[in-house]
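First up is the structure itself, then whatever we jot down about it.
Coordinate-derived values only; no laboratory data. None of these values were measured; they are calculated from a predicted model. No Cβ is skipped: glycine too gets one built from the backbone with ideal geometry, and neighbour counts run over all protein chains shown.
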Amino acid sequence: MSLKADFTQDFVRDQWYAAAWSTELGDRPLARHILGERVVFFRQPDGVIGALEDRCPHRMAPLSMGECADGGIRCGYHGMVFDASGSCIGIPGQDIIPPTARTRAYPAVEKYGLVWIWTGSADADKTKFPVIPGYGEEGWALLDGGYQLHEGNYRIEVENLMDPAHTTFLHKETIGNKNQKDIPVQVAQTDRGLSAYRWIENVPPSPLDRKSRDFGEGKVDRRVAFNFELPATSFVDVAVVPAGTERTEERLMNAGIRTFSYKFLTPETHRTTHFFWLHLRNYMQNDEGFEAGLRASLEKTFSEDRDMVAAIQLEQEATGLRQRTSLAIDRAPLMALRMIDRMVAAQSAALEEAVS
Amino acid sequence: MSLKADFTQDFVRDQWYAAAWSTELGDRPLARHILGERVVFFRQPDGVIGALEDRCPHRMAPLSMGECADGGIRCGYHGMVFDASGSCIGIPGQDIIPPTARTRAYPAVEKYGLVWIWTGSADADKTKFPVIPGYGEEGWALLDGGYQLHEGNYRIEVENLMDPAHTTFLHKETIGNKNQKDIPVQVAQTDRGLSAYRWIENVPPSPLDRKSRDFGEGKVDRRVAFNFELPATSFVDVAVVPAGTERTEERLMNAGIRTFSYKFLTPETHRTTHFFWLHLRNYMQNDEGFEAGLRASLEKTFSEDRDMVAAIQLEQEATGLRQRTSLAIDRAPLMALRMIDRMVAAQSAALEEAVS
Amino acid sequence: MSLKADFTQDFVRDQWYAAAWSTELGDRPLARHILGERVVFFRQPDGVIGALEDRCPHRMAPLSMGECADGGIRCGYHGMVFDASGSCIGIPGQDIIPPTARTRAYPAVEKYGLVWIWTGSADADKTKFPVIPGYGEEGWALLDGGYQLHEGNYRIEVENLMDPAHTTFLHKETIGNKNQKDIPVQVAQTDRGLSAYRWIENVPPSPLDRKSRDFGEGKVDRRVAFNFELPATSFVDVAVVPAGTERTEERLMNAGIRTFSYKFLTPETHRTTHFFWLHLRNYMQNDEGFEAGLRASLEKTFSEDRDMVAAIQLEQEATGLRQRTSLAIDRAPLMALRMIDRMVAAQSAALEEAVS
């Protein structure tokens, strides 16, 4: 029952992908590959974000070697200026701007402190952004700006992130726990995707739980959920509430402690992935020492994933295989991959219809 | 009107290419790729320069790993000795030299402090060397020994060097001048190639002009010419003379200040280019401080070109395109490329005729 | 008479290849490519050596990123455990082990301080190990643990090692001797392979000979033999005995000084080779200063070979040729290569017969 590794499958289009932290866009252009395409990001004087194919149409010089100047981005070779629409708005020493003097522009907007890019052929749809509970609300502390480049196809990442079972082994130095209860994972559809979760009921709060919130002498129920949403958003949602608390979303947000650990996966190429992360919590909001430790721990944990993903990418490339045997723990990862497969198949069918 | 990038076009043959500075050929052999071929250069005891295919015909060991010894170059593996004609003149422990014991030899001569190699099938033609005005003459100061490896096809270099317009932007930190007069470039055929030039007339001398030569209270005429000669020689020729001076070559050499900035481009491979440069001037001949500053400025300027050429090479490879839009400034570069194209087409036709 | 370079020829199978020094197998797994295949080596708690395909059949994670634990090797991703037979003996959180949960196992044994691997389809044959005279016997000193990675196909190594003629030139800084007598090399079949040797008779002992053994005022006979055995073992066998000593193996072992310098070549890939070496001598057994100097000299000599082999690999790849001319010194190297060719041809024929 070998499964083949396919690193040529098209990406999911007509979606927003995280491309950069807003803070990365200062006075200078930023070059980044997105879904295999070379893009330059810059900020116009009016604050509008430009996302253009990173090539001047004159001699193919990367626009990212140029400057933010003259109301747009100015090529560093001969000074042609382009605005966020991709139109050339100035050619030194020449009054007439030929109609071929333009470069591809992508819709780009800022949200959640990130610059997002729309790579599809359909109109950009602002309802398609992820919805992050607690973001920007009182009582919630935000850790953001996290970024790693992972040297693996984003599908290997998705399998990793929908798979709680690897924690004990891959993350034994960080978040792994040898004594974790052997409670099976449930998988459920959500509004926007998939959730693999388990409730660990009526257990004493952990030392960190106690430090974060006063649970008195009582026990707690703990829910850990690994969630996936298209195109490639993953978040771990942890809730710890007094044992027996009613399991409404309202109660889980307020009755105990809650964390959301988001990862936005953006394919750089078919074999590399931008890994942006942010983390929200409703406890210990002003403890800088705790926060510094949390950031370091998350960075180290994600680095362990990064190293494994890179190794798997190489082996899957070498063998052309993704799996030779299946385990019970594969259910949620496989369901997430099937969501991607269905979306890509639909998009291929639509494309075929459009051209036939 | 997209133009394709072609990095497989044959090189111009039956020409002299600069291969090394004479000073590079000391006691040891020098390995260098020339027009995609691996060549070893060495000096025989009689002073003759050898330029051989850098492979021993026995086991393909690079001869450049051997030594200048026994009257030629001695292979470092089993000691076979070859002279500049490519003939084996000694095999340790063996008296008979088999007729297959030889390696390809290229004509090579020294001129202008450089070692030149002839890569064609026709006999080497000593009339085909570039003619450098002022070289070795009294009153002229020479800066030479300049070398950079540029990671781009030499055609991208030729476009760059025949294109004064990029100076304002790419060289803004060095020789660029934001306020340069907007005088259009003229293009003319020369005896051996092409010249793109402009006269800036009746202007006050620059501070450097004044420092270099006493122009009194008068104004000057300034001529900047960007020249190209086959196979891949470029030189910038600057003349500054008292306004109204007659424009004969004799007057331009003597009536004011003059510089020749030569670049000899030798393809290393289809995507890399040896960039040899020398610089001649008829002023401030003995000012060591000025000369050191001039060398540093030229090195930095050429490094700016090098970085842009390397970036363009990668983008042209990625897209297969050279241009998507044309500008007025493309005229001289395109004419230079057409000179190359015509020469390569003629050489292909001759080759076809020869074998048919 | 150009000979083609063939870097795609299959390796000789059904043989033992040196894979690692025993000391390399401690508490952690060891990853190594052997004959182009990715293998992980580890030691079970019972001391048995495991040599498995270095990929977990679940998601292709390299087992070498895991640990020696739970009686075998435990995958670092989800904790599956495999024993030396390649069987999965444990899956965390799952009782049933699917029949597909296994990975390829190679026979592996320890001998001469090395771990040897059997890569063939036939049963592992313990009579096929090299037989090293003097190994482990009284009066013999052993230098071992030597390893280098050489960036060339092992056939280029075999040519190098069966070819005494290169010593004068390639090893002029180490063991080369400009004044070596011009006595031709004899080639003879041995029980297990081939020997290229020469006797230098009735000469005064060298300073090292005198230091190693008391030859009195007499002269010596010196025999240097370069030997090859399949699949890729080479050893230099030097004997120095009082002139006129009878040439029986017993006398050569005892009447003077003797060294065996073994190299075990194991293809890593078609273009790289593991180079394991050990050295035996029957003199100056307890002289640590001499031994340190000997080790340094051998390392340096083999590094000279390594650099030449790597250069030749690149040139043979570039040209597709192995030789353009033949010399008298090629006889023994060619005979060794033919032994390999015959073995590979026989193995192909057997394979074809098996499937037809």
(message) Once you place label points 7 Å from the Cα toward the Cβ at C:Asp214 and B:Ser2, how far apart are they in nm?
(response) 8.8
(message) Please give me, ordered by residue number, the trypsin sites (Lys or Arg not before Pro) of the range A:130-220 that lie in loop per DSSP and have at most 10 other Cβ atoms within 10 Å.
(response) A:Lys178, A:Lys181
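Using 1/(1 + (r/R0)^6) with R0 = 30 angstrom and r between the beta carbons of B:Val187 and B:Ala296, what's the FRET efficiency to the nearest 0.05? Working shown, then result.
Values: r = 32 Å, r/R0 = 1.05.
That pair, B:Val187 with B:Ala296, gives E of 0.40.
So what is the relative contact order for chain B, in percent, with contacts set as C-alpha pairs under 8 Å and at least six apart? Numbers along the way, then the final one.
Values: 670 pairs, mean separation 73.4, N = 356.
Once normalised by length, the contact order is 21 percent.
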(request) Would you mind giving the mean number of other chain beta-carbons within 10 Å of the Cβ of each residue in A:161-172, as a whole number? (result) 4
(request) Would you list, by chain and number, the lysines whose Cα falls below 16 Å from the Cα of A:Lys128, excluding same-chain residues fewer than 8 positions away? (result) A:Lys111
(request) Along Cα-to-Cβ, 7 Å out, sits the label point; list in nm, shortest first, how far the one on B:Ile183 is from those in the other copies. (result) 8.5, 8.5
(request) Starting with the highest mean, order A:11-18, C:73-80 by the number of other Cβ atoms within 10 Å, averaged over the residues of each peptide. (result) C:73-80, A:11-18
(message) Placing +1 on the Cβ of each Lys and Arg and -1 on the Cβ of each Asp and Glu in the range C:1-74, which of C:Gly71, C:Ser2, C:Pro57 has its Cα farthest towards the positive end of the resulting dipole?
(response) C:Ser2
(request) Largest first and in whole Å, give the semi-axes of the range C:1-89's equivalent ellipsoid, each being the square root of 5 times a Cα gyration tensor eigenvalue. (result) 30, 15, 11
(message) Just to confirm the numbers: A:Asn254, label point 7 angstrom along the Cα-Cβ line, distances to the other copies in nm, shortest first?
(response) 9.9, 10.0
(request) State whether the range B:48-113 is rounded, prolate or oblate according to the following rule on the C-alpha gyration tensor (a ≥ b ≥ c being the square roots of its eigenvalues): a/c under 1.5 gives rounded; otherwise a/b larger than b/c gives prolate, and the remaining case gives oblate. (result) prolate
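Residue by residue through C:322-334, how many Cβ atoms from other chains fall within 10 Å of the Cβ on average?
Numbers: counts 3, 6, 10, 14, 5, 12, 6, 6, 3, 0, 0, 1, 0.
The shielding value for this peptide is 5.
For the protein assembly as shown, rounded, prolate or oblate, judged on the Cα gyration tensor with a ≥ b ≥ c (square roots of eigenvalues), a/c < 1.5 rounded, else prolate if a/b > b/c?
On the way: a/c = 2.24, a/b = 1.00, b/c = 2.24.
Oblate, since a/c reaches 1.5 and b/c is not below a/b.
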(message) Can you tell me which of B:Ala196, B:Ala332, B:Ala101 moves the most in a GNM of chain B? Springs connect C-alpha atoms under 10 Å apart.
(response) B:Ala101
(request) List the aspartates and glutamates whose Cα lies under 18 Å from the Cα of A:Lys219, skipping any in the same chain that are fewer than 8 positions away. (result) A:Glu201, A:Asp209, A:Glu246
(request) Report, in whole Å, the centroid distance computed from the Cα atoms of the range C:246-325 and the range A:285-320. (result) 44
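In chain B, which longest range has no GluC sites (Glu not before Pro) that are both DSSP loop (not H, G, I, E or B) and surrounded by at most 15 other Cβ atoms within 10 Å? Intermediate results must be reported in sequence, preceding the final value.
Working: sites that count: B:Glu137, B:Glu138, B:Glu173, B:Glu217, B:Glu246.
Segment B:1-136 is the longest.
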(message) Connecting C-alpha atoms closer than 10 Å in a GNM of chain A, tell me which of A:Ala124, A:Ala232, A:Ala188 has the biggest fluctuation.
(response) A:Ala188
(message) For a distance above 21 Å, tell me the whole-number percent of Cα pairs in the range B:227-356 that qualify.
(response) 60
(message) Can you tell me which of C:Ala84, C:Ala108, C:Ala255 moves the most in a GNM of chain C? Springs connect C-alpha atoms under 10 Å apart.
(response) C:Ala255
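Tell me the mean residue ellipticity at 222 nm calculated for the protein assembly as shown from its helices only (DSSP H runs of n ≥ 4, each -39500 (n - 2.57), averaged over every residue, nearest 500). Walk me through the numbers on the way to the answer.
Numbers: 18 runs with 243 residues, N = 1068.
Value at 222 nm, helices only, nearest 500: -7500 deg cm²/dmol.
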(request) First select every other residue whose beta carbon is under 13 angstrom from the beta carbon of B:Gln15; then total the charges, Lys and Arg +1, Asp and Glu -1. (result) -1
(message) Just to confirm the numbers: A:Val48, label point 7 angstrom along the Cα-Cβ line, distances to the other copies in nm, shortest first?
(response) 7.1, 7.1
(message) For C:Ser2, what residues show an amide H to amide H distance below 5 Å, using hydrogens built from the backbone and excluding near sequence neighbours?
(response) none
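I need the shape label for the range C:83-122. Rule: rounded when a/c is under 1.5, else prolate if a/b > b/c, else oblate, with a, b, c from the alpha carbon gyration tensor. Let's see the in-between values first.
Details: a/c = 5.88, a/b = 2.24, b/c = 2.62.
Since a/c reaches 1.5 but b/c is at least a/b, the shape of the range C:83-122 is classed as oblate.
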